[in-house]
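J.: I have a structure here, written as structure tokens, and I will follow up with some questions on it.
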Amino acid sequence: MASETTSPETTTTPLGTIAALRASLAAESTPLPVRFRALFSLKHLARQHPATSAESLAAIDAIAAGFASPSALLKHELAYCLGQTGSGAAIPYLTAVLEDVHEDAMCRHEAAEALGALGDAASLDVLKRFRDREGEEVVVTETCEIAIDRIEWENGEARKAEKLKQSDFASVDPAPPMAQGQEEQSVEELGKALMDTSAPLFKRYRAMFALRDLASPPDLPTAVPAVKALAEGFADSSALFRHEIAFVFGQLSHPASIPALTAALSNTEEASMVRHEAAEALGSLGDEEGVEETLLKFLHDKEAVVRESVIVALDMADYEKSNETEYALIPEAKVSA
């Protein structure tokens, strides 16, 4: 899940622009960084228009067209973006990816997570089916478990009574931050909840996102301690959990996370889904000293998803060092295929 900024407001978007972005996204000849930028533009367009509008439906259909690609990295990012659109029109595409047992587990996990983000109770049946499927990949089982808990929370009565801290992040996360009590929980308390392996993953994720929010903005007195508490998550036995820690670091773009991210990327025994997320998180820190050099070391990694993530991360690093205002393509910009 690459971290990206929001594209500028667009009042009118001709369907021809969406068609051009679709062509760029779907063409295997298009450089991967350009495909990612086209994807983020399409996600923005899907969210900028009413869910049932021709523009939103066309943008969602354009994103889904990318599932024909052989790139697991791109397909998992497509699923993530569909989950962020907030549109029920994305559900059939995501369900099809989850149900395809021959698809890469990283893509199927992201599809399950996206269904959770969309929060439709009608998705519970398929999520429970794959949570309980015999011989299922652990990452898919765990993601379905979290997605089920998120949908039940989203549609439950308990949510209405919860007081949630306002987040600096606009993303729809796999779990909401931990609910606030009479007093705000400390970094130490949240760190303990994060690493409590006896608790459900959904509850641990809530602690994770609460810690994230205590690390933003980066000059908060709790920021560095929260980043260090999150870094402890890299010792967890769940690859899914470790990859989410890396994703959160990508959102935060806090320099204090660089040592932990570098260690995760550099560990060739680590799961590729964790290393890829660490690479992209480092890309968001591309203007920090030494980060680009670290990424370049893995440009020819044995794992395709890591190699591709490094390509995208280096593009993000170039953006961080540039004067560009937005990472995603401007919708009106010319798109090359």
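The values are calculated or read from the model by the stated rules, or taken from the named source; none is laboratory data. Treat the numbers as computed from the prediction; the structure is a model and nothing was measured. With ideal geometry, Cβ positions are generated from the backbone for all residues, glycine too; neighbour counts draw on all protein chains shown.
J.: So the check is Cβ under 7 Å with 6+ separation or different chains; which pairs have a first residue in region 229-248 that's without any contact (Cβ under 8 Å) to a residue 40 or more places away in the chain and under 9 Å from residue 277 (Cα atoms) and a second one that's among the acidic types (Asp, Glu) and surrounded by 24 or more Cβ atoms within 10 Å (Cβ to Cβ)?
T.: Qualifying pairs under 7 Å: 243/277; 246/277.
J.: Can you name the number of the only condition in (1) modelled with pLDDT of 95 or more; (2) part of a helix (DSSP H, G or I); (3) not β-branched (Val, Ile, Thr) that residue 317 fails?
T.: (1)
J.: Related question: Can you say whether residue 150 is within 30 Å of residue 101 (Cα to Cα) and basic (Lys, Arg), as far as the supplied structure shows? Spell out the reasoning first.
T.: Values: within 30 Å of residue 101 (Cα to Cα): yes; basic (Lys, Arg): yes.
Answer is yes for this residue.
J.: For region 169-228, which residues satisfy the criterion of being within 20 Å of residue 156 (Cα to Cα), touching a residue at least 40 places away in the same chain (Cβ under 8 Å) and exposed (fewer than 15 other Cβ atoms within 10 Å of the Cβ)?
T.: Selection gives 200 alone.
J.: When you go through (1) at pLDDT 95 or above; (2) farther than 22 Å from residue 214 by Cβ; (3) part of a loop (DSSP other than H, G, I, E, B); (4) not basic (Lys, Arg) one by one for residue 285, which number turns out not to apply?
T.: Answer for residue 285: the failing condition is (2).
J.: Could you list, in sequence order, all residues of region 137-164 that are part of a loop (DSSP other than H, G, I, E, B) and either touching a residue at least 60 places away in the same chain (Cβ under 8 Å) or buried (at least 16 other Cβ atoms within 10 Å of the Cβ) (or both)? First the steps, then the outcome.
T.: Applying the first criterion (part of a loop (DSSP other than H, G, I, E, B)) to region 137-164 yields 137, 155-157, 162-164.
137 - this is the single residue of region 137-164 that is part of a loop (DSSP other than H, G, I, E, B) and either touching a residue at least 60 places away in the same chain (Cβ under 8 Å) or buried (at least 16 other Cβ atoms within 10 Å of the Cβ) (or both).
J.: What number of residues within region 282-309 satisfy the criterion of being over 17 Å from residue 32 (Cβ atoms) and either under 15 Å from the mean Cα position of the chain (by Cα) or of a type in the set (A, V, I, L, M) (or both)?
T.: Within region 282-309, residues that are over 17 Å from residue 32 (Cβ atoms) and either under 15 Å from the mean Cα position of the chain (by Cα) or of a type in the set (A, V, I, L, M) (or both) number 2.
J.: Right, here's the next one. Output the number of residues of region 170-191 satisfying the condition of being modelled with pLDDT of 90 or more, charged (D, E, K, R) and part of a loop (DSSP other than H, G, I, E, B).
T.: So the count comes out to 1.
J.: Looking only at region 210-223, decide whether some residue is in a helix (DSSP H, G or I) and among the β-branched types (Val, Ile, Thr). Give the steps one after another, and end with the answer.
T.: Just the residues of region 210-223 that are in a helix (DSSP H, G or I), to begin with: 210-214, 223.
Going one step further and asking which of them are among the β-branched types (Val, Ile, Thr), we end up with none.
Taking every residue of region 210-223 in turn, none turns out to be in a helix (DSSP H, G or I) and among the β-branched types (Val, Ile, Thr).
J.: From the residues in region 165-209 that are acidic (Asp, Glu) and within 21 Å of the chain's Cα centre (by Cα), which one is farthest from residue 111 (Cα to Cα)?
T.: Of region 165-209, the ones acidic (Asp, Glu) are 168, 173, 183-184, 188-189, 196.
Those still in the list that are within 21 Å of the chain's Cα centre (by Cα) too: 168, 173.
Details: 168: 25, 173: 13 Å.
Among those that are acidic (Asp, Glu) and within 21 Å of the chain's Cα centre (by Cα), it is 168.
J.: (1) part of a helix (DSSP H, G or I); (2) in contact with a helix residue (DSSP H, G or I) (Cβ under 7 Å, 6 or more places away or on another chain); (3) of a type in the set (A, V, I, L, M): which one isn't true of residue 299, the others all being true?
T.: (1)
J.: While we're on this one: Quickly run through region 227-265 and pick out the residues that are outside any helix (DSSP H, G or I) and either within 23 Å of residue 203 (Cβ to Cβ) or among the acidic types (Asp, Glu) (or both). Working first, answer last.
T.: Within region 227-265, the first condition is being outside any helix (DSSP H, G or I), and the residues that meet it are 236-238, 253-254.
Matches in region 227-265: 236, 237, 238.
J.: Now, a different point. Does residue 129 satisfy the criteria of being at pLDDT 95 or above, charged (D, E, K, R), in a helix (DSSP H, G or I) and surrounded by fewer than 21 Cβ atoms within 10 Å (Cβ to Cβ)? Steps first, answer last, please.
T.: Working: at pLDDT 95 or above: yes; charged (D, E, K, R): yes; in a helix (DSSP H, G or I): yes; surrounded by fewer than 21 Cβ atoms within 10 Å (Cβ to Cβ): yes.
When the stated conditions are applied, residue 129 passes them.
J.: Taking the options 215, 239, name whichever one is touching a helix residue (DSSP H, G or I) at 6+ places or on another chain (Cβ under 8 Å), over 22 Å from residue 114 (Cβ atoms) and at pLDDT 95 or above. Give the steps one after another, and end with the answer.
T.: On the way: 239 fails: over 22 Å from residue 114 (Cβ atoms).
That would be 215, the only listed residue that is touching a helix residue (DSSP H, G or I) at 6+ places or on another chain (Cβ under 8 Å), over 22 Å from residue 114 (Cβ atoms) and at pLDDT 95 or above.
J.: Here is a follow-up. Among the residues of region 79-90, is any over 19 Å from the mean Cα position of the chain (by Cα) and in contact (Cβ under 8 Å) with a residue 12 or more places away in the chain? Quick ask: steps written out before the conclusion?
T.: To start, the set of residues in region 79-90 that are over 19 Å from the mean Cα position of the chain (by Cα) comprises 89.
Add one more test, that the residue is in contact (Cβ under 8 Å) with a residue 12 or more places away in the chain, and what stays is 89.
Within region 79-90 (the criterion being over 19 Å from the mean Cα position of the chain (by Cα) and in contact (Cβ under 8 Å) with a residue 12 or more places away in the chain), the answer is yes, since at least one residue qualifies.
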